[in-house]
Structure formats: structure tokens, C-alpha cells
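J.: Pasting a structure here, questions to come.
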4 protein chains.
Amino acid sequence: MSDTETATAPDRRASEDWWRTSIIEMTPGVIRYRGYPIQDLIGHISFAEMIWLMTRGELPSQAQGRLLDAALMSAVDHGPQAPSIAIARMAATCGVGLNNAMASAVNVLGDVHGGAGEQAVEMYQSIAAQLDAGAAMDAAVRAGLDEAVDRHGKFVSGFGHRFHPLDPRAPRLLELVDEAAHDGQVSGRFANIARAVEDELARRKGGKRIPMNIDGATAVIYAELGFPAALARGLFCLSRSVGILSHAWEQTQQGGRNKGPIPRDYLWTYDGPPKRALSRTEPTDIK
Amino acid sequence: MSDTETATAPDRRASEDWWRTSIIEMTPGVIRYRGYPIQDLIGHISFAEMIWLMTRGELPSQAQGRLLDAALMSAVDHGPQAPSIAIARMAATCGVGLNNAMASAVNVLGDVHGGAGEQAVEMYQSIAAQLDAGAAMDAAVRAGLDEAVDRHGKFVSGFGHRFHPLDPRAPRLLELVDEAAHDGQVSGRFANIARAVEDELARRKGGKRIPMNIDGATAVIYAELGFPAALARGLFCLSRSVGILSHAWEQTQQGGRNKGPIPRDYLWTYDGPPKRALSRTEPTDIK
Amino acid sequence: MSDTETATAPDRRASEDWWRTSIIEMTPGVIRYRGYPIQDLIGHISFAEMIWLMTRGELPSQAQGRLLDAALMSAVDHGPQAPSIAIARMAATCGVGLNNAMASAVNVLGDVHGGAGEQAVEMYQSIAAQLDAGAAMDAAVRAGLDEAVDRHGKFVSGFGHRFHPLDPRAPRLLELVDEAAHDGQVSGRFANIARAVEDELARRKGGKRIPMNIDGATAVIYAELGFPAALARGLFCLSRSVGILSHAWEQTQQGGRNKGPIPRDYLWTYDGPPKRALSRTEPTDIK
Amino acid sequence: MSDTETATAPDRRASEDWWRTSIIEMTPGVIRYRGYPIQDLIGHISFAEMIWLMTRGELPSQAQGRLLDAALMSAVDHGPQAPSIAIARMAATCGVGLNNAMASAVNVLGDVHGGAGEQAVEMYQSIAAQLDAGAAMDAAVRAGLDEAVDRHGKFVSGFGHRFHPLDPRAPRLLELVDEAAHDGQVSGRFANIARAVEDELARRKGGKRIPMNIDGATAVIYAELGFPAALARGLFCLSRSVGILSHAWEQTQQGGRNKGPIPRDYLWTYDGPPKRALSRTEPTDIK
């Protein structure tokens, strides 16, 4: 390949174009994220602020960074009843690495298990768009709720909880939003929208309150901070990865081999055909 | 836990109900799939026929088994330009097991990379339903195509190929379907529908043919064999797993560490902000 | 980028070298696996034979293909107590695709859950190497067993089963090997080695037999067929993917949302610190 | 199931024992991590401190939390040449969710791509153990290095970089460790060990320095903070997940379908057998 040297320049350009990013720039000895030299960021920017910089392109204000921090730290775990956490623990007994256990678990944070925050942000943003177009709050909320029910079914993402009558994380997170709104750090608009959704849900249930849950509350924060709805899923994955790692690690220390969902002397219910003999009109014997 | 014994029966029943299946029944020394003792199946049933039994609940006829076999064996690989295959090879250089390399790769056989067969089966079945309701073939095909374009965009899943003017797998697979139809083993109905789709596509392109590809042809087989559309994705995953394993294994033997997409002296294009200094109105220095 | 055209040739060569394979060759309209045009293979080669061709580079004889087929079809499932199967079912209720459910499950077929076949092949091959070097069978088996115990612990991969006193798959698979050996299709050497391992294990247990299980029996087949040990893991992943798909699909049809390991009114045991108040000598209040 | 009620208590106990954790305690309306009510933690504890609490069981001091924060934020990304980042971007064009793209990518942070930090912590801890046993620093470092080379090969994890003559992240991280050591917040012992390793490496290379890289520097922090080596891998997975998410999201916005490693008009090198005809002594025609 004697002509490699002369061909190098166009070669590189073509590949560079296939792989294009505005996130990171590198030359030997130099790493910059979004333009900031890494050594200038280290020690000055928190992990949560780095997450903002990487996903958004600019640095947050301190108040914005603190709200993001609170949303991330509040959703790390909900116990081994959650499929993701159970999977992480089971995987940790199968002879794979912590990275693999984390991957199998994060992978299931899909539309049902990991999408509630994203769906709540979408609903809040849809209501906000209607307010911007001149609708009154109650009409906008009714329309937003109807749209959400149409799209995702009767359980409204972000509200109500099968286990907690009141999810203890939600009111505390809203308190932080209220403080930031009071200080003029965020608009407080999406907190108002979420509370109006709660009120409308209660009206629809004949007065029974379906209180905001962790997903509804973190969605308020993500919407206040201007994150696109799709990133709410991504941020939840980062947050829940902490619980996933912690449980995989605890299980590793507990030991066990091929831990299944239930103790080994429990079996499953079989409801298929009874024992039967192989007989086909056309025998397929492959010997 | 002195009362465990007396509690055993209800204990077991509760868990058995949570884990319920008609696929496999086990007692010590006994394994039955869909009612058939495993030792009766071994040596009499091929791997492809086992796939049918496991996913469908009954054994195929020999002719059905052979068609399924052909669909599975024909889609195993399309080279390292495909993201799934590239991922398998890259993963194999990162210090993870073959099972992990396979998982990262199978994982990306999503709506775009692995969903074309499923979408083609859906389109064929929709056209068949319209025929059943009394529509003429050309009207049913037009409606089915319009629906597919509405749902998935202008590239009609199962037809046309960015690389092959004529995908060499498709005509050969259709030949097998025609033979089976001639022998009365399958109806041949979905082969007719697929060819009518090809004709209609040519009409819409002013005569330029957009021939059936591998996904369109395997979808004909899956539809002829009565598989639900969603299983077409699952079967494709089984099939492509063979190519994924083969490439991961070949890369393992070639060696390499942390193989990226392009040679190491190629970089990416950076199109983000130029170098800038950290300065925020509210400093966040975390030290 | 006006110089792109003239640079095309060297450009392509550099990238081609980074991505190099002996598995698949393509030009527009042409797909060849290991040199065979795909349309020549379709209808003539079974799925199992294709798996051989893709991983080994040459076609198997019919007898070899049938043995591989039997090994693949016999290990597809062992019920939802297995972590991989439970994970597939749980994932199927989380709002992800079948491909994702399969990936999370295949991913955990690690050293403990999916490595027994690989480890058994290694042990058989190590014993065979000692025979080749002139050792007597009983000495070679003792050394091979000691090595396996040293490497993987007291449970010898491929022998014994926590649930089945006799795994019904193993004797039937060995029967097929014996038939092939009788017909001169395989050597029968590894079947003899595996039986000698069984005898030695019984001697070590004071006469109690620890019979070969599915992994020990498929390992005999893979060793007879000349597969490298590492591929035994890969082939098991292909095989178990069938059960994984079948269970994910069955669970999809059963429905459910965020299915965890145990019914929702069961909780876990908490054995951590009791309720306590946050108080640090250095308060970190991030507000 | 009329006897369910009376059986409930032992029922629950059995399952609770199978799923046991000291991380999280829940009753309706109550969530406690390691004993701390979640609402007491929100707003007072940063995301990095929560990661510490979840994985370690106790809260860090502020100084410990800041060092962990710095290690986590400094390793988020190294560009799309890294297999994990390339995989995330490719996956994002395949029609899967952000959670799936993240999983396929995190999954490959194996021994080679994600294990350097873990291996460096192991080496530092091994050297520290020899110091504790009375060895002199230079003897302990030589022994620790020899052990690392024996186990993982000639590239010593944590030192040297194929691209950066000096990794700009390492000196800045060590500066933070030195400050914390000066303030008596950490011992500084592992910083000394790492620098002694650097010196010994230079001696072995005839004076050429092989400077500490990001993995060697974060490993100093993790060792100073008392993390077990295996958790260094887990923490790196959390950190790199940020870059993985950011690149998957950027690629989603750039669009594209089935993005492979190289532009579509580039092919790979085929080095397998030339075109050949199917002919076997035993024909296997499956029709």
C-alpha cells in the first residue's frame, strides 16, 4: 500500500465526516467537552453539572444544576420488585461482569418501566403549548390529559402509585422547585401545570386524589429546566443505573449461582398440553 | 421458620401462579416441551422444527419445517456494514464474553434494523384481510401500501435494496414457496400478494421495479406459515444471531483491543464551540 | 471536497483493511458465504448446517450436521427458574422489543449460567491431549478432573444436576453419538472420555453416580465435531435463544406490566440499618 | 385458593428471604436508603454522594464526596473512536430506545475497555498490602508491577496512552488528591504509590516516562476513598454512561438509519475462499 501517505488527507476527511460530533474535541494531550478544556472543568463542575453540559451543550446555572442533581439522586432505586433491579441481581450470579449486569438491567427501562417521566414531560409540554396558544389552564389540562390517556392508556404517567398512597419523593422535589421559582431561578410554570393535572384527575375520580409520583415530580424538574422529553428517559436511566449497580454489587457479595426469580424448590404452573407421543402424518425423523 | 412445612403447599401455589407457562413442564427426571418428552424429540426433530414447536405449540409438517428452515438460514448475515455485525466485532475486542457480544448486537435489531420483516408481514396480512372482506387484489394492495407508507415512511419494508439491484435471496426463497404451493403444502396466497405489491410499486415509480428483498421474501414465508407478525422479528433475531456469533468469533481470532469503527489515526469531525474558558456568573467551584 | 473522487481508491482500501472477514463476500446482486452463492445454499442446507458453515468455514457432512442439529435443539429451554428465561419474561413486560428482551437474557449466559458446555469441552480436550501424549485413560481422566476442579470449583461442569437425578437429554444424545461412531461418522473418542469421567466421579463419591447432564452431553457432541471450546458457549447461546424468544413471546401474550420476580404483595427482607437521621459533622446541604 | 389468607405469613417470609437487601426499605408511603428517609436526603445530598451512600452503606464526608464527584465527572467521554461510544451512536439509528442504546454500549465496558481502573486499584492495593507487611516502597512497587504484567500483559493498566503523550485529566485529578491529603481528608498514600509506579515504569523503559492516564488517576481516588477494586469498574460504567447517553442523543438528532462503522460505499476486505459450487459427497438437499 505504497500510496497510503499521499492518500491520507482525503481518507481522513471522509471518515471524519461519517463520525461528526459537537460534544468532544481531541488532539494529542487535549480533551475539550463543548469547548471547555477538561482540566478546567475538573474540580469546578459537579457530576450532575457535567451531565447537563454533555447533553445540553452549555453549563447550567448553579440553581439549575442543583435541581438536576436532586432529580437524579431521588430516583436511584425502588427495590428488587422492579424488573430492572431484579435482573441486575440475577445477572450478578450468572458469571458476567458488573458492566454486563448493568446493561441487561438498564436495557429494560423501556416505555413501560422507564418511560413514565418522558411521557409526563410530553404531557406537561403539550399543556404548556396550549397555554401559549391562549387556552385557559383547565381546558389545556383537560385536553392534555385526554391526549395522554389516548396515547398511553388509563394510567396517567407521573400520577398515582400502586404501592405508595403518597410517594414521599414527590412533595419534597416540588418543594425544591417552588423555592427555585420563588428565587426566580425557574418559572414554576410546570409545577403549576402538574398540580392542575392532579386537581383534574381528582375531579375525574369523584374527589379521590391520584397524587403525583416520582416520575411526575422529576418530569416537572426536567420540564422546568428545558430538557426535551426524550432526555427524561435518558436521565432516568443514569439515575436508576446507580440502584442497579448497587444491587448487582450487593448480590455479588451475597454470592449465589444462577439466582432465579423464586427459590429452587418452587416451580411454575404448567398449563400446556399433557404428555403426548410424537407422531406426524409425515415423519421427519432426521437421523 | 418452624411452620414452613405446613405452609409449603399454598406457598408453592402462589409462586407457581406468578410464573405460568404452557411451553415446558418439568418434574425430576422429566422435561416435556409442549407435552412431548424431550428424549422423544431428540434425533427426530430438527432445530428449525424445534423453533416452530416452541413458538407455536404444535409441530409443523415436514414441508412447513423446510420452509421455516430456509427462511432462517437465508438471513444469517449481510456483512460488517450492518450495525449489528459491526457491534458484535467491536464488542469481541473489549474483554467481554461471546454471550455479551451477541447481546449487544441482537439488542439493536430494532424497528429500523430488524423490523422490516415484521412490517412486511403486517402489510401482507392487512392486504389479505381486505381480500377476505371482498376487496379486489389491486384495491387491497393499494390500500395496504398506503397504510404501510403512512405508518413507516416512503421506504416500503421488504422491497428495494440500497446495495443490491436484485437481492439474490428473494427469488430463490419465492421459488421454494411456489414449489410448496404447487404441492398443496401452503396456500401461495402471500406470494401472490407480495408479487402484486411489487407490481403496484413499479406502477407508482413509472415502471421502475423495486424488487422484493430478503425481508419481503422471508415475510412471505412467515405469513404463509401463519406466524404472527411480531414473531417475524423474533425469528429474524434467531437467524441474524448466527452471523453475529460468527463475526464475533472471527474477530476474537483476529485479535485486537478496543476496536473502534475506524482506524486509530482517523478522527472525527468536531463541529461544536471552539475552545472557551469556564466562567459563570454564579461560580460553582465544588472544591 | 472536490478531491474525493481521485482519492476514492486508497480511501476504500484503508477502510477495507480495518474491516476484514473471510465469512461473507458481497458485490451488488451477489452474496456469498464462505465462497458459496447464497442462492445455491437456500433449500439445500439446513439452518444447523448453515450455523456450521458460518462458524467453521466448510460444510459439514450430513451425519455431522445431524449431530449438531441434535445438540442445538436439545438445549433450548429449562424453564423460568433459569435467570435467562425469567429475565426474558420480565423484560417482555417493560415496554421493549422482542430483540431487547432477547438481548438482556442472552447477555447473562456467562461463565456460570452458560459456560458449562465450554468448560466440559475444555476438560474433554485436555484429557484427549494427555491420551495423545501417551497417558492411560484413568490417569488422564484423573488429571483432567483435577484440573477442572482447580479451575472452576467442586461442581464439575457437565456432570450432575440439582433438579434431575438423571437428565433425560443426556443418554439420548449419547445414543446418537454412539450410532454415528458405529457408522464411522465420528470417532466416539469423546463419548468414551465422558463416560470415563462419570466413572471416576462415582469412584470419588464412594460409588454414588453423578451422571452426565445436558452440558456434558452436548459437549461430547461439540468435541466429537471438532468445535473449539469457546464456540460451545456461542452455540449454547443460539440454542437457548429459542427458549428465550418463546418465553418472551408467551409473556407478551399473557400481558402484564413491569413483572417483577415475585407477586406485588410480597416484599423483600430488609437487613440494613434502622431508620436514622441525616447528620454529618460537615453538613453538605446542596441547596 | 381459599386457604391463601392463612398461608400468607409464611408465604411472604419465604420469598422475602430469597430477595434480601440492606440497601432499601419500603412500606407504603415510606422509602429509606440505608436507613435514611428519602425526603431527608433530597436537596441535601448530591448525586455523587448518593452513589457513595448506595454502594458503600454510609454517607461520605464532604471532602470524600467531592473527590468521588471529580472522578465521576472526569471520565464521561473519550470520543466516538471508543467502541462504547460508537456502539451507542450506531444503536441510536436502529430503531431502539435510548435505554437500549445505552445498554448495548455499557455492555462492552469489559475487562479490556472498562477494566483498567479496576486493575489499577488492584495493583495499588497489592502494593499497599506489601507496604503494610513491611516491604520498602521500591520493592513493593516492583513486585506489584510484575504481578500486574503477569496477570494482564505488558500494557500496565492506568499508565500510558495510545493517543495522549500526557493525559490532561490525570495531573489535575492528582492535584485534587494532593489538596485533600494536605487537608488531612485522605491519606495520600495511593497517590504516592501511583507516582512510584510511574518512576519504576520509567526506569524499566530506560528513562522514557509512561505517565498516569485517566484510569490510573481515578484509581488513585477510588483507592484513597476505600472503594473495592470491583466497584471501580461499576463507577466507570456510571461515568461513561453520561458520554454514551450524550452521543446516542446527538446521533438521534442528527438522524440516519442503520449507521454502520464506515460510509456505505466503503466495503470490507474479503479474504475467504473464492466462489465455489455446492457439492458434497453426501448431498443434504433439504427439499
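J.: Taking the alpha-carbon distance from residue A:208 and a cut-off under 26 Å, which lysines remain once sequence neighbours fewer than 8 residues away in the same chain are dropped?
T.: Cross-link targets: A:154.
J.: With +1 on each Lys and Arg Cβ and -1 on each Asp and Glu Cβ, and nothing else charged, work out how big the dipole of the protein assembly as shown is about its Cα centre, in Debye to the nearest 20.
T.: Value, rounded to 20: 0 debye.
J.: Among B:159, B:47, B:236, determine the one that fluctuates most according to a GNM of chain B built with springs between C-alpha atoms less than 10 Å apart.
T.: B:47
J.: With +1 on each Lys and Arg Cβ and -1 on each Asp and Glu Cβ, how big is the dipole of chain A about its Cα centre, in debye rounded to the nearest 20?
T.: 1280 debye
J.: Here is a further query. Working only with C-alpha atoms, what are the Rg and Dmax values of the protein assembly as shown, expressed in angstrom?
T.: 29.8, 91
J.: Can you spot the aspartates and glutamates whose alpha carbon is less than 13 Å from residue D:259's alpha carbon? Ignore those fewer than 8 places along the same chain.
T.: A:17
J.: Next question. Leaving out ligands, DNA and RNA, what percent of the accessible area of the protein assembly as shown is carbon and sulfur, probe 1.4 Å?
T.: 49 percent
J.: Of A:277, A:217, A:116, which is the most mobile in a GNM of chain A whose springs link Cα atoms less than 10 angstrom apart?
T.: Result: A:277 has the largest fluctuation of those listed.
J.: Next question. Under the rule of at least 5 residues apart or a separate chain, name every residue whose amide H is placed under 5 Å from the amide H of residue C:186.
T.: HN-HN under 5 Å from residue C:186: C:181.
J.: Between Rg and the Kirkwood Rh of the range C:82-135, both from Cα atoms, what is the Rg to Rh ratio?
T.: The Rg/Rh ratio comes out at 1.34.
J.: Follow-up. Over all Cα pairs of the range B:27-185, how is the pair count split among 10 Å bins, expressed in % and running from 0 up to the last occupied bin?
T.: Result returned by the calculation: 9, 23, 33, 25, 9, 1.
J.: Can I ask one more? From the label point of residue A:20, set 7 Å from Cα along Cα→Cβ, how far away are the matching label points in the other copies, in nm, ordered shortest to longest?
T.: Shortest to longest, the spacings are 3.1, 5.4, 5.7 nm.
J.: Here's a follow-up. For residue B:264, go 7 angstrom from Cα along the Cα-to-Cβ vector, then report the distances to that same point in the other copies in nm, smallest first.
T.: Output for residue B:264: 3.2, 4.6, 5.3 nm, nearest copy listed first.
J.: Can you give the Rg and Dmax of chain D based on its C-alpha atoms, in angstrom?
T.: 25.0, 81
J.: Over both sides of the B-A contact, add up the buried accessible area with a 1.4 Å probe and give it to the nearest 100 Å².
T.: Roughly 5600 Å² of accessible surface disappears when B and A pair.
J.: Given the options B:178, B:77, B:17, state which has the largest fluctuation in a GNM of chain B using a 10 Å cut-off (strictly under) for Cα springs.
T.: B:17
J.: Next question. Taking a label point 7 Å from Cα toward Cβ, how far is residue B:278 from its twins in the other copies, in nm, shortest first?
T.: With the label placed 7 Å along Cα→Cβ, residue B:278 yields 2.5, 6.3, 6.8 nm.
J.: Residue B:19's amide H: which non-local residues (gap 5+, or another chain) put their own amide H closer than 5 Å, with H modeled 1.01 Å from N in plane and none for Pro or chain starts?
T.: A:269
J.: So if I restrict to the alpha-carbon atoms in the range C:31-75, what is the Rg, and what is Dmax, the biggest pairwise distance, in Å?
T.: Cα radius of gyration and Dmax of the range C:31-75 are 10.5, 31 Å respectively.
J.: OK, next. Normalising by the residue count of chain C, find the relative contact order in percent from Cα pairs under 8 Å and 6+ residues apart.
T.: 25 percent
J.: Work out the length of the dipole vector of the range B:202-271 about its Cα centre, built from +1 on the beta-carbon of each Lys and Arg and -1 on the beta-carbon of each Asp and Glu, and round it to the nearest 20 debye.
T.: My answer is approximately 380 debye.
J.: Tell me the per residue accessible area of the range D:195-261 using a 1.4 Å probe; a whole number in Å² is fine.
T.: 30 Å²
J.: List for the range B:106-123: residues with 50 Å² or greater reduction in accessible area, all protein chains versus chain alone, probe 1.4 Å?
T.: The answer is B:107, B:108, B:112 - residues whose exposure falls by at least 50 Å² when every protein chain is included.
J.: Which Cβ of chain A lies nearest the axis of the rotation superposing A onto D, and at what whole-Å distance?
T.: Its Cβ sits closest to the axis: A:103, 2.
J.: I would also like to ask the following. Tell me, what is the per residue accessible area of the range C:100-170 in Å², probe radius 1.4 Å?
T.: In whole numbers, the range C:100-170 has 38 Å² accessible per residue.
J.: Something else now. Among residues other than residue C:150 whose Cβ falls under 13 Å from its Cβ, what is the net charge (Lys/Arg +1, Asp/Glu -1)?
T.: Taking every other residue near residue C:150 into account, the sum is 0.
J.: Identify, among D:139, D:106, D:93, the residue whose Cα sits farthest towards the positive end of the charge dipole of the range D:90-188, taking +1 on the Cβ of Lys and Arg and -1 on the Cβ of Asp and Glu, with the dipole about the Cα centre.
T.: Comparing the listed Cα positions along the dipole, D:93 ranks first.
J.: Something else: Cα centroids of the range D:25-56 and the range A:132-196: how far apart, whole angstrom?
T.: Each part reduced to its Cα centre gives a spacing of 23 Å.
J.: For the range B:170-287, what value does the Rg/Rh ratio take when both radii are computed over Cα atoms and Rh is the Kirkwood radius, given to two decimals?
T.: For the range B:170-287, the value is 1.30.
J.: Under a plain spin-label model, where a point goes 7 Å from the Cα along Cα-to-Cβ, how far apart in nm are residue C:203 and residue A:195?
T.: 8.2 nm
The values are calculated or read from the model by the stated rules, or taken from the named source; none is laboratory data. Keep in mind it's a predicted model, so treat the numbers as computed, not measured. Note that we place each Cβ from the backbone using ideal geometry, even for glycine, and neighbour counts take in every protein chain shown. When the accessible area is computed, the model is the full protein with side chains, heavy atoms only, and any ligands, DNA or RNA have been set aside. Shrake-Rupley method; radii C 1.70, N 1.55, O 1.52, S 1.80 Å.
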